[in-house]
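Comments concern the structure below.
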Amino acid sequence: MSLNLQARDRFFGETVLDFIQKVSGELPIDAVGLWQIAPVGRHDFELTGDDLTEFVRRCVAELLVHGAKPVVGGGGTEYDWIYQPQYGETNSEILDAVMKEWLASGSPDCDPGGLWFAVPSRYVGNRE
């Protein structure tokens, strides 16, 4: 079974493919959190198992293709976001590490305090 890219969400009728293609649209103004992706797949598109995993994978890959890097909130620092280099350097390494971590943690809906993706900017700092 493979992810049905034409499946529609139960609220607005948007397709899986539409969501994946637009997930990076917020990057020019803000980071995108994993917590904004997994619940959409699970609840809006009613995906489970391998389909949910593929949905999350494709969304994260789309963010990476648009230049986003893994970050966490920069509370207590001079930055809004702190880059997380432990996920790897290449998009492939980052995607594999993020998915491995998400799956190992039980594929949760995540929370806003977790992993986000942001494009490098003056608002993103490095770990100290």
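The values are calculated or read from the model by the stated rules, or taken from the named source; none is laboratory data. Since we're looking at a predicted model, the values are computed, not measured. Every residue, glycine among them, receives a Cβ derived from its backbone with ideal geometry; neighbour counts consider all protein chains shown. The area values use the complete protein model at the heavy-atom level, side chains included, leaving out ligands, DNA and RNA. Shrake-Rupley method; radii C 1.70, N 1.55, O 1.52, S 1.80 Å.
At-a-glance table
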item	result
Loop-exposed chymotrypsin sites (Phe, Trp or Tyr not before Pro) per DSSP, neighbour cap 12 Cβ within 10 angstrom, longest uninterrupted part of the chain	13-128
Where the Cα pairs of the range 3-104 fall when distances are cut into 5 Å bins, in %	2, 12, 23, 24, 19, 12, 6, 2, 0
Spatial separation of Cα centroids for the range 1-39 and the range 67-128, in angstrom	19
Filtered GluC sites (Glu not before Pro), the range 20-67: DSSP coil and at most 13 other beta carbons within 10 Å	E46
By accessible area with a 1.4 Å probe, ligands and nucleic acids excluded, highest first: order of I82, I29	I29, I82
In order through the range 111-120: 3J(HN,Hα) via Karplus (6.51 cos²θ - 1.76 cosθ + 1.60), integer Hz, x for Gly, Pro	9, x, x, x, 7, 10, 9, 9, 7, x
Prolate/oblate/rounded label for the range 76-128 (Cα gyration tensor, a/c 1.5)	oblate
About the Cα centre, charge dipole magnitude for the chain (Lys/Arg +1, Asp/Glu -1 at Cβ), debye	100
Of all accessible heavy-atom area on the chain, the percent that carbon and sulfur account for (1.4 Å)	51
Gaussian network model of the chain, Cα within-10 Å springs - most flexible of G49, G106, G76	G76
Estimated dipole of the range 7-50 in Debye, rounded to 20 [Cβ of Lys and Arg +1, of Asp and Glu -1, Cα centre]	60
Residue-level accessible surface for D50, protein heavy atoms, 1.4 Å, Å²	130
